[in-house]
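What follows is a single structure, written as structure tokens, with notes after it.
No value in this document is a laboratory result; all are computed from the given coordinates. These figures come from a predicted structure and were not determined experimentally. Cβ: placed from backbone, ideal geometry, glycine included. Neighbour counts: every protein chain shown.
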Amino acid sequence: MVFLLILVSVAMSSLAQLILKFGMASAPVQRVIGAGDALPIALTVGMNPLVVVGLALYFLSAVVWLFVLSRIELSTAYPFVALGFVFTALLARIFIGESFTPAKIIGTILIIAGVLIVARGTPMPQ
């Protein structure tokens, strides 16, 4: 159960990043960022629906993460945060068309291997 919550938290965080990217790439935000004035930028970004949804999802992922931390050791839980790099890279590739270079592939494999090593070496509570 805790392992599932870890994956849910990390996946929600990665999805939040994708949504935030779409929000920040939107025409209204890009237009006001080009102007360079702090207050209009803050208002436009803060009222962008995608940014708001992305931040809300990020907050919910943090709430799930807090529950995870209440159940297992930090040194056990935290390496799983690295899966966020994997999930985010895959989401960016699928939905934005970002490149998946050989270096990213090798790095992703190393991250997964490291998380698996940590997961296998630590008993997880139910």
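Key figures for this structure:
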quantity: Separation in nanometres of the label points that stand 7 Å from Cα toward Cβ, at residue 56 and residue 109; calculated: 4.1
quantity: Among 46, 84, 23, residue whose mean-square fluctuation peaks in a GNM of the chain (springs only between Cα atoms under 10 Å); calculated: 46
quantity: Spin-label proximity, residue 119 to segment 61-98 - amide N less than 12 Å from point 7 Å beyond Cα toward beta carbon; calculated: 80-84
quantity: Kirkwood hydrodynamic radius (C-alpha pairs) into Stokes-Einstein, segment 62-120, 20 °C and 1.002 mPa s, D in µm²/s; calculated: 169
quantity: Whole-angstrom Cα spans of segment 1-40 along principal axes, big to small; calculated: 48, 17, 8
quantity: The chain, helix-only ellipticity at 222 nm - DSSP H runs n ≥ 4, -39,500 (n - 2.57), divided by all residues, nearest 500; calculated: -26500 deg cm²/dmol
quantity: Charge tally in the Cβ shell below 14 Å around residue 85, where Lys, Arg are +1 and Asp, Glu are -1, residue 85 excluded; calculated: +1
quantity: Matching label, mean projected area of the Cα convex hull in nm² computed from the structure shown, candidates (i) 6.7; (ii) 8.5; (iii) 9.0; calculated: (iii)
